[in-house]
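The values are calculated or read from the model by the stated rules, or taken from the named source; none is laboratory data. This structure is a prediction, so every number in the text was calculated from the model and none was measured. Cβ placement follows ideal geometry from the backbone for every residue including glycine, while neighbour counts extend to all protein chains displayed. Note: areas computed on protein heavy atoms with side chains; ligands, DNA, RNA excluded. Shrake-Rupley method; radii C 1.70, N 1.55, O 1.52, S 1.80 Å.
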Amino acid sequence: MRPHRLCFTLLGLFLLAPAADASIVVFETQSTAVQTITSDLVPNGSITLNAAGPQQFTLDLTTGFANVVSAFHGSDFVTPLGTATYDLYNTATTGTITDNGGSYTIHFSLLFELKITSGPLDGVIFETKTNSIFETTVASLPFPSNTVFGDPARPNDGVTIFVKEDPNGVLASLGIPVGSPVGTSSNRVVTTLNVVPEPASLSMLALGVAGIAGYMRRRPRS
């Protein structure tokens, strides 16, 4: 096989393999999540949290279904007991994608949890019981870099935060039992920084590169 034919064959495999169903778009991003926590548990009654991590989006252009799985991590949860690290993730999620003919509107309505992972409050989980809205309109899929999701009503988008778990009883010792409201989360903004290629795409790309390299090594010199 001639070199240019081999290249086109491998390129075709790379482009076609991940797109088994063109109506379903799946991709991962590295993103940031910013929110304001207003609570008696934090100094001066209010702090801004900045977390970062991967998100996986699944968008079905035929049915209008949209889903997101987030796994943010932060290290700036300041309390009178010290500064703690935490995991921030969504739980129950309802999402839609609307094709506007040249743009797409994505809407998520979700609950989320924040789990403390260090310090005296290690293991404490805070949760929301009222859905938070994250919405945006984009011109292409996957999302362009720096796509911003947020509630159109922000900063008037406050939702109450409750204590879900207190395994060491630290909050209970302060008179805050499990199930108690402890403050609010508001002004939530998620920004997708960049799209990470799917594993299938990376594998096919690696196969193509290896194939070309192997062919070039075997190719007789002119």
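Here region 101-134 is the region considered, the condition is being over 14 Å from D157 (Cβ atoms) and among the aromatic types (F, W, Y), and the residue that is surrounded by the most Cβ atoms within 10 Å (Cβ to Cβ) is F126. Modelled with pLDDT of 95 or more and among the charged types (D, E, K, R): does that describe D21? Considered against the rule, which asks whether it is modelled with pLDDT of 95 or more and among the charged types (D, E, K, R), D21 comes out as no.
Counting the residues of region 181-213 that are in a helix (DSSP H, G or I) and either closer than 30 Å to T147 by Cα or at pLDDT 50 or above (or both) gives 8. Go through region 90-116 and give me each residue that's in a strand (DSSP E or B) and hydroxyl-bearing (S, T, Y). Passing the criteria: T91, T93, T94, T96, T98, Y104, T105, S109. Residues that are closer than 20 Å to G74 by Cβ, hydrophobic (A, V, I, L, M, F, W, C) and not in a loop (DSSP other than H, G, I, E, B) within region 117-170 comprise I125, F126, F134, V148, F149, V159, I161, F162, V163, V170, listed in sequence order.
Scanning region 145-173 for residues that are hydrophobic (A, V, I, L, M, F, W, C) and either modelled with pLDDT under 95 or open to solvent by less than 20 Å² (accessible area, probe 1.4 Å) (or both) yields F149, V159, I161, V163, L171. Could we say that A66 is in a strand (DSSP E or B), touching a strand residue (DSSP E or B) at 6+ places or on another chain (Cβ under 7 Å), among the aliphatic types (A, V, I, L, M) and more than 24 Å from V196 (Cβ to Cβ) here? When the stated conditions are applied, A66 does not pass them. The single condition among (1) at pLDDT 95 or above; (2) hydrophobic (A, V, I, L, M, F, W, C); (3) in contact with a Gly (Cβ under 9 Å, 6 or more places away or on another chain) that L41 does not satisfy is (1). Test D76 against the criterion of being without any contact (Cβ under 8 Å) to a residue 60 or more places away in the chain and touching a Lys or Arg at 6+ places or on another chain (Cβ under 6 Å), and give yes or no. So D76 does not fit the description; no. Condition first: over 19 Å from T48 (Cα atoms), open to solvent by less than 30 Å² (accessible area, probe 1.4 Å), in contact (Cβ under 8 Å) with a residue 24 or more places away in the chain and more than 22 Å from the chain's Cα centre (by Cα). Can you find one or more residues in region 135-144 that meet it? No, the conditions are met nowhere in region 135-144.
Under the condition of being assigned to a loop (DSSP other than H, G, I, E, B) and of a type in the set (A, V, I, L, M), the residues counted in region 69-86 number 2.
Would you say V178 is part of a loop (DSSP other than H, G, I, E, B), open to solvent by 50 Å² or more (accessible area, probe 1.4 Å) and of a type in the set (A, V, I, L, M, F, W, C)? Against the criterion (part of a loop (DSSP other than H, G, I, E, B), open to solvent by 50 Å² or more (accessible area, probe 1.4 Å) and of a type in the set (A, V, I, L, M, F, W, C)), V178 qualifies. Would you call G95 in contact (Cβ under 8 Å) with a residue 24 or more places away in the chain and more than 19 Å from the chain's Cα centre (by Cα)? Against the criterion (in contact (Cβ under 8 Å) with a residue 24 or more places away in the chain and more than 19 Å from the chain's Cα centre (by Cα)), G95 does not qualify. Within region 29-63, the residues that satisfy the criterion of being surrounded by fewer than 15 Cβ atoms within 10 Å (Cβ to Cβ) and assigned to a loop (DSSP other than H, G, I, E, B) are D40, T62, T63.
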